[in-house]
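*Asks:* One structure, as structure tokens, below. Some questions next.
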Amino acid sequence: MYDVMVGPVDEPDPEAMRRVLGGLAQAHDEHPDVSLTHEGGWCISALRGGLLVWENPDDDAVAPGEMRDADVEEILRLFELLAAGDIASIEALPWQR
């Protein structure tokens, strides 16, 4: 996981994820997001205002998806699913591609 200043957070628990998300209040143009990446390459980036980006930068065959207006609890839920490796549940959501 990376915080808004691109500082790494190794194997974050839900409390650490919540702290990192709280840092979005300090997001700006140079550092606009926080992200969590699974060892399989899948990544969720969260930007201030509730924009989520779901992608696998290692797999060009899969187009990135976006979801808007996600609240903190939904973002945490998705981060926890990704941390658990539940890619199928995340992929099943209505991502705009």
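The values are calculated or read from the model by the stated rules, or taken from the named source; none is laboratory data. These numbers come from a predicted model, not from an experiment. As a convention, Cβ positions derive from the backbone with ideal geometry for all residues, glycine included, and neighbour counts pool all protein chains shown.
For (1) in contact with a strand residue (DSSP E or B) (Cβ under 7 Å, 6 or more places away or on another chain); (2) not charged (D, E, K, R), each residue gets a yes or a no:
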{"residue": "Leu47", "(1), (2)": "yes, yes"}
{"residue": "Asp69", "(1), (2)": "no, no"}
{"residue": "Val72", "(1), (2)": "no, yes"}
{"residue": "Leu76", "(1), (2)": "no, yes"}
{"residue": "Phe79", "(1), (2)": "yes, yes"}
{"residue": "Ala83", "(1), (2)": "yes, yes"}
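*Asks:* Output the residue which, of all residues in region 60-69 that are at pLDDT below 95 and small (Gly, Ala, Ser), is surrounded by the fewest Cβ atoms within 10 Å (Cβ to Cβ).
*Replies:* Restricting to residues being at pLDDT below 95 and small (Gly, Ala, Ser), the top hit is Ala61.
*Asks:* Whether any residue in region 85-93 is within 12 Å of the chain's Cα centre (by Cα), modelled with pLDDT of 95 or more and among the aliphatic types (A, V, I, L, M) is what I want to check.
*Replies:* Initially, region 85-93 is screened for residues within 12 Å of the chain's Cα centre (by Cα), giving 90.
After this cut, where a residue has to be modelled with pLDDT of 95 or more as well, the list is 90.
Then keep just the ones that are among the aliphatic types (A, V, I, L, M); that gives 90.
Yes, some residue in region 85-93 is within 12 Å of the chain's Cα centre (by Cα), modelled with pLDDT of 95 or more and among the aliphatic types (A, V, I, L, M).
*Asks:* Scan region 60-97 residue by residue and report those that are under 24 Å from Val9 (Cα atoms) and assigned to a loop (DSSP other than H, G, I, E, B).
*Replies:* Residues satisfying the conditions are Pro64, Ala70, Asp71, Ala84, Gly85, Asp86.
*Asks:* Follow-up. Take the residues in region 12-31 that are in contact (Cβ under 8 Å) with a residue 24 or more places away in the chain and part of a loop (DSSP other than H, G, I, E, B); name whichever of them is nearest to the chain's Cα centre (by Cα). It would help to see each step written out before you state the result.
*Replies:* At the first step, the residues of region 12-31 found to be in contact (Cβ under 8 Å) with a residue 24 or more places away in the chain are 12, 14, 17-18, 21, 24, 31.
Filter once more, keeping what is part of a loop (DSSP other than H, G, I, E, B): 12, 31.
On the way: Pro12: 12, His31: 14 Å.
Among them, the one singled out is Pro12.
*Asks:* Working carefully through the options Gly40, Gly50, find the one that is over 21 Å from Met5 (Cα atoms) and either in contact (Cβ under 8 Å) with a residue 40 or more places away in the chain or surrounded by 11 or more Cβ atoms within 10 Å (Cβ to Cβ) (or both). Break it down into steps so the answer makes sense when it comes.
*Replies:* Numbers: Gly50 fails: over 21 Å from Met5 (Cα atoms).
That would be Gly40, the only listed residue that is over 21 Å from Met5 (Cα atoms) and either in contact (Cβ under 8 Å) with a residue 40 or more places away in the chain or surrounded by 11 or more Cβ atoms within 10 Å (Cβ to Cβ) (or both).
*Asks:* Name every residue in region 37-58 that is part of a strand (DSSP E or B) and touching an Asp or Glu at 6+ places or on another chain (Cβ under 9 Å), in order of residue number.
*Replies:* Of region 37-58, the ones part of a strand (DSSP E or B) are 37, 43-47, 51-55.
Within region 37-58, Cys43, Ile44, Ser45, Ala46, Leu47, Leu51, Leu52, Val53, Trp54 meet the criteria.
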